[in-house]
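J.: Here you go, one structure.
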Amino acid sequence: VMDDEEMLRKLARQMLERMGYAVETVKDGVEAIALYKSQKDSGEPFDAVILDLTIKGGMGGEQTIRELLEINPDVKAIVSSGYFNDPVMSNFHKYGFMGALPKPYEKKALKEVLEKLSE
């Protein structure tokens, strides 16, 4: 989970762990890309990533997904944002995402978007 707000990273971690997922969190795209590469190289790649669209003072979701797609064209990525009218949220497939999760989100919405990834 990539989000620049620590509180949201903690909340996402708690919800995901309660659903049985192992979770890593990062604050921006640079960290997300480094961690994604490291996990992929270890032979235990991430099943999915959730990327905040807008990162204050850092690399956001739109740039991060472009780099992750170069590392793994099959990356299962979800974009998350409170900016519902952003074109990336309404047309997420065009940008390489497999799902969109409007903020603030609840456990039910998080579970649903992750389940759609495995369909």
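The values are calculated or read from the model by the stated rules, or taken from the named source; none is laboratory data. What you are looking at is a predicted structure, and each value in this text was computed from that prediction instead of being measured. For neighbour counting, all protein chains shown are included, and Cβ atoms are generated from backbone atoms with ideal geometry for every residue, glycine included. Side chains included, ligands, DNA and RNA excluded: accessible areas come from the protein's heavy atoms. Shrake-Rupley method; radii C 1.70, N 1.55, O 1.52, S 1.80 Å.
J.: Take each complete run of DSSP H in the chain, measure how far its Cα atoms stretch along the helix's own axis, and keep only those covering 30 Å or more with mean Kyte-Doolittle hydropathy at least 0.5; list them. Can you show the working numbers first?
T.: Values: long enough: none.
Going by DSSP H runs, there are no hits.
J.: Under 18 Å from the Cα of LYS76, which lysines turn up, not counting those fewer than eight places away in the same chain?
T.: Excluding near neighbours in sequence, the set is LYS37, LYS40, LYS94, LYS111, LYS116.
J.: Would you work out which of PHE46, ILE33, ASN72 lies farthest towards the positive end of the dipole of the chain? Charges go on Cβ: Lys and Arg +1, Asp and Glu -1.
T.: PHE46
J.: Any idea of SER90's accessible area? Nearest 10 Å², probe 1.4 Å.
T.: 90 Å²
J.: Where the accessible area of the chain is counted over protein heavy atoms with a 1.4 Å probe, how much of it, in %, is carbon and sulfur?
T.: About 49 percent, which is the carbon plus sulfur part of the accessible surface.
J.: Which whole-number value in Å² is the accessible area per residue of the chain, probe 1.4 Å?
T.: 60 Å²
J.: OK, next. List every residue whose amide H lies under 5 Å from the amide H of ILE50, counting only residues 5 or more places away in sequence or on a different chain, with H placed 1.01 Å from N in the peptide plane.
T.: Distant-sequence amide H within range of ILE50: MET2, ILE78.
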